[in-house]
Amino acid sequence: MPLLTSLPFPELRFLVYELTLRAQEVIPLPPFLGSTLHGGLGVALKQVGCFMSSTKSCPPCQIPTQCPYNLLFEFKGFPEERLPRRFAASPPKLFVIDLPSAHPARLEAGASLTFRLTLLGPAIDLRIYPIVAMRLWGENGLGYKRGRFELERITAINPLTGERQQVYSSTDQMVHQDDQPLTLGELSRWCESWQIGNQLKLTFVTPMRMPGRGYKPADLDLKIVLKSALERLSILALLAGMPQTEIDTAAPLAVAEKTTVLARAVQWRDWERYSKSQDRRMSMGGFVGHLLLQGDFSGLKSFLKVAELLHIGKNSTFGFGQVRFEPL
């Protein structure tokens, strides 16, 4: 089966950074790193990119649509046609954190931690702010004990070919911003030559959250995953200012519905995180595990890749909803 269609929003840009942090002292780490990395980055971004860093929220600011911190982290104060009302309270962000597959309970002094940060659309043009924020974050500290670390290096990664390009190194402390973003159109074209066969392992690398949907582990299948990916792509394209077109979801979802779940090993896992903005602990559980799928995936390849790139479900910015498709 040929690719069904090119992905919608082919001009939407993305840029993947791999960041390596090196501990300067012992740093205890939580079981789930997403909220720790998200929160630490947010605090540092506010220090370097906020026009009113002394305030606790964005509404007092008179120019939120020009503020680098707001554009990268809060996305508050936009007109309703740019940000639909249903997203006003908690809008998605134009970046995604990919967590390491495993990490120790604590980082020893001199040990390193590597994760990925994907920037989308206009966030790419502001990438100097996360880079500078990462350096400042090392002084702020990581985790609940605020363990100090050094930003050792940032590498731009092509997630399709594996090509790497150095952006920053602590050795010379120089930032090189000649890295080139990719587009969803380029992703679609790469997928034309991606050989995947008729069996896939779908792994929920980090908890997949779909609150309010009523799904149970036995319900999960490829159609649910791709529907969530397309919904997420649609809102991110809207926030990125892309021209809005009607997405043809019927064709890919109809093909996904024909695939078979050969085996499932999925369970619900509860997580908690502390929200500094709300000053309380929040339950953020989700599905983890894997599905073994069989079917004709050849027409869905670009949709599978965009699900990997953008994550699926709620709280994806924290690292939730990270999925991986592996040919068997």
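The values are calculated or read from the model by the stated rules, or taken from the named source; none is laboratory data. It should be emphasised that the depicted structure is a prediction, and the values quoted were computed from it without experimental measurement. Methodologically, a virtual Cβ is constructed for each residue, glycine included, from the backbone with ideal geometry; neighbour enumeration extends over all protein chains shown. Each accessible area value is taken on the protein alone, full model and side chains, heavy atoms only, with ligands, DNA and RNA left out. Shrake-Rupley method; radii C 1.70, N 1.55, O 1.52, S 1.80 Å.
Points to keep in mind about this one:
- Heavy-atom SASA rank of Val306, Val255, Val43, Val205 (probe 1.4 Å, accessible area, largest first): Val43, Val205, Val255, Val306
- Accessible surface for Asp125 stands near 100 Å², nearest 10, in the context of the full protein assembly shown (1.4 Å probe).
- Shown for segment 143-211: the carbon plus sulfur share of the solvent-accessible area, taken with all protein chains present and a 1.4 angstrom probe, equals 42%.
- Dipole check for the chain: with +1 at the C-beta of Lys and Arg, -1 at the C-beta of Asp and Glu, and the Cα centre as origin, the magnitude is about 1040 Debye.
- Gain on full extension, evaluated as 0.36 nm per residue between Glu257 and Ala102 minus their Cα-Cα distance, stands at 52.6 nm.
- Simple label model, 7 Å out from Cα along Cβ direction - Gln177 to Arg148, nm: 2.9 nm
- Extending 7 Å from the Cα toward the beta-carbon at both Gln66 and Asp219 defines two label points whose distance is 4.7 nm.
- In the context of the full protein assembly, Tyr69 retains an accessible surface of approximately 10 Å², using a probe radius of 1.4 Å and ignoring ligands and nucleic acids.
- Violating pairs (Cα-Cα greater than 30 angstrom) within the set Lys216/Lys305; Lys258/Lys305; Lys76/Lys216; Lys93/Lys227; Lys46/Lys314: Lys76/Lys216
- Accessible surface, 1.4 Å probe, highest first, among residues Thr36, Thr114, Thr245: Thr245, Thr114, Thr36
- At full extension, Thr161 and Asp296 could sit 46.2 nm farther apart than now, given 0.36 nm per residue minus the alpha carbon distance.
- Within the listed set Ile157, Ile63, Ile312, the Gaussian network model of the chain (springs between alpha-carbon atoms below 10 Å) gives the highest mean-square fluctuation for Ile63.
- Summed over the residues of the chain and divided among them, the accessible surface reaches 47 Å² per residue at a probe radius of 1.4 Å.
- Heavy-atom accessible area order for Glu25, Glu192, largest first, 1.4 Å probe: Glu192, Glu25
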